[in-house]
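The values are calculated or read from the model by the stated rules, or taken from the named source; none is laboratory data. All values derive from a computational prediction rather than experimental measurement. Quick reminder, even Gly has a Cβ in these numbers, built from the backbone with ideal geometry, and neighbours come from all protein chains shown.
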């Protein structure tokens with residue numbers, strides 16, 4: 001064991017862990033970032049080319065958090081010298097009396113710039129898409145997409161430029177709490193005054209070492225790309241927006257998509273739900289119910305797309321029962337911090353979540369009210385792992 005003691009050890013180098021490490025190193029904290037896989041990799045939740053960034057939430061606290069999040073992405077973009085954000089607008093669709101109504105009211109209340117699309121004007125603004133009868137439509141004009149792989153690499157490079165150390169291929173085998181926490185891997189043992197666990201689908205595996213199990217469900221998401229019948233019909237250069245269908249005839253779960261950009265002639269459209277899986281054996285999960293749901297939706301709403309996917313990739317969500325994050329200290333060991341359960345919508349908050357986890361790891365008061373994200377809300381579901 002090295003005699004070296006880090007101010008903080010961050011376990012898991014996805015976007016949340018990498019952004020946490022970035023904030024720590026930027027604030028002159030001696031920081032080690034551990035990753036079980038060799039970087040870069042596509043086994044978790046932070047890979048892929050794009051993610052939607054938006055203020056379109058029914059909850060006040062997310063809209064409130066997004067204001068600073070946009071600022072932090074812009075700051076990181078400037079530091080990295082790489083474009084991380086592209087504004088496209090976000091088309092929000094859904095039945096007038098459902099979640100769409102809550103999102104619309106929340107955006108209006110918070111004075112987020114939006115454009116309401118009347119049914120008779122819809123196709124003038126959004127060509128090659130059919131609006132479902134009874135659905136409302138608006139555009140969150142502040143929204144767009146994040147270049148995810150680029151963002152993750154930038155956070156890691158900036159972390160290293162501030163003196164941080166990344167060790168990949170280091171699967172954590174044990175965590176021993178104390179005033180100085182000891183973290184063991186197959187390759188070595190490391191010590192830190194605090195530890196942040198941002199292990200995504202493997203969160204409960206690590207938390208078992210410190211006597212905690214959270215109600216997290218890991219699901220496999222099929223990330224689908226659909227061919228344009230006429231190339232360019234939905235291309236980003238033609239100002240086709242990102243979109244989210246909050247409810248549809250096909251499903252109560254969201255369907256979301258991006259303008260064609262990542263692969264020539266292919267548009268990414270995905271289902272915001274999947275089948276439970278073991279993250280170490282995810283390829284055994286072959287359920288394609290979600291693909292069938294999207295196929296029916298595309299056949300009905302996107303006449304210029306082929307209704308059979310051309311490419312299917314994989315991502316993992318780690319869901320909490322209420323789909324809100326876990327951002328908290330361990331109930332017993334206050335220098336062990338947990339960021340988990342990002343439920344398929346946490347990437348966009350990466351720099352802000354990193355800031356919050358940095359604050360918690362240094363014993364500071366967090367910048368935001370974390371009551372929606374506390375472990376205590378699961379008290380009746382929480383299990384001892386010992």
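Against the conditions (1) within 23 Å of residue 369 (Cα to Cα); (2) in contact (Cβ under 8 Å) with a residue 60 or more places away in the chain, residue 63 satisfies every one except (2).
Table: residues versus (1) touching a helix residue (DSSP H, G or I) at 6+ places or on another chain (Cβ under 6 Å); (2) crowded, with 16+ Cβ neighbours inside 10 Å.
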| position | (1), (2) |
| --- | --- |
| 164 | yes, yes |
| 170 | no, yes |
| 176 | no, no |
| 181 | no, yes |
| 215 | yes, yes |
| 231 | no, no |
| 238 | no, no |
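If you go through region 206-245 and keep only what is under 25 Å from residue 377 (Cα atoms) and out of contact with any strand residue (DSSP E or B) (no Cβ under 9 Å at 6 or more places or on another chain), you end up with 208, 211. Among the residues of region 144-161, not a single one is in a loop (DSSP other than H, G, I, E, B) and either at pLDDT 95 or above or touching a helix residue (DSSP H, G or I) at 6+ places or on another chain (Cβ under 7 Å) (or both).
Scanning region 50-60 for residues that are surrounded by fewer than 16 Cβ atoms within 10 Å (Cβ to Cβ) and assigned to a loop (DSSP other than H, G, I, E, B) gives a single hit, 59.
Of the candidates 57, 6, 22, 70, the single residue that is touching a residue at least 12 places away in the same chain (Cβ under 8 Å) and more than 18 Å from the chain's Cα centre (by Cα) is 6.
Scan 185, 198 and give me the residue that is surrounded by fewer than 18 Cβ atoms within 10 Å (Cβ to Cβ) and either in contact with a helix residue (DSSP H, G or I) (Cβ under 9 Å, 6 or more places away or on another chain) or in contact (Cβ under 8 Å) with a residue 24 or more places away in the chain (or both).
185
Of all residues in region 78-97, those satisfying the criterion of being loosely packed, with under 15 Cβ neighbours inside 10 Å and farther than 20 Å from residue 350 by Cα are 96, 97.
Filtering 248, 275 for residues that are surrounded by 20 or more Cβ atoms within 10 Å (Cβ to Cβ), touching a strand residue (DSSP E or B) at 6+ places or on another chain (Cβ under 7 Å) and outside the structural domain of residue 175 (by TED's automatic domain parsing) leaves a single hit, 248.
Pick from region 338-356 the residues that are part of a helix (DSSP H, G or I) and under 8 Å from the mean Cα position of the chain (by Cα): which of them is surrounded by the most Cβ atoms within 10 Å (Cβ to Cβ)? Before the answer, list the steps.
Taking region 338-356 and keeping what is part of a helix (DSSP H, G or I), we get 347-356.
Retained after the next criterion (residues that are under 8 Å from the mean Cα position of the chain (by Cα)): 347-350.
On the way: 347: 22, 348: 27, 349: 25, 350: 30.
Here the residue is 350.
Of all the residues that make up region 277-303, how many are in contact with a helix residue (DSSP H, G or I) (Cβ under 9 Å, 6 or more places away or on another chain), part of a loop (DSSP other than H, G, I, E, B) and without any contact (Cβ under 8 Å) to a residue 60 or more places away in the chain? Walk me through it before giving the result.
We begin by selecting, within region 277-303, every residue in contact with a helix residue (DSSP H, G or I) (Cβ under 9 Å, 6 or more places away or on another chain); these are 277-280, 282.
Then drop every residue that is not part of a loop (DSSP other than H, G, I, E, B), which leaves 277-278.
Subsequent filtering for residues that are without any contact (Cβ under 8 Å) to a residue 60 or more places away in the chain retains 277.
Number of matching residues: 1.
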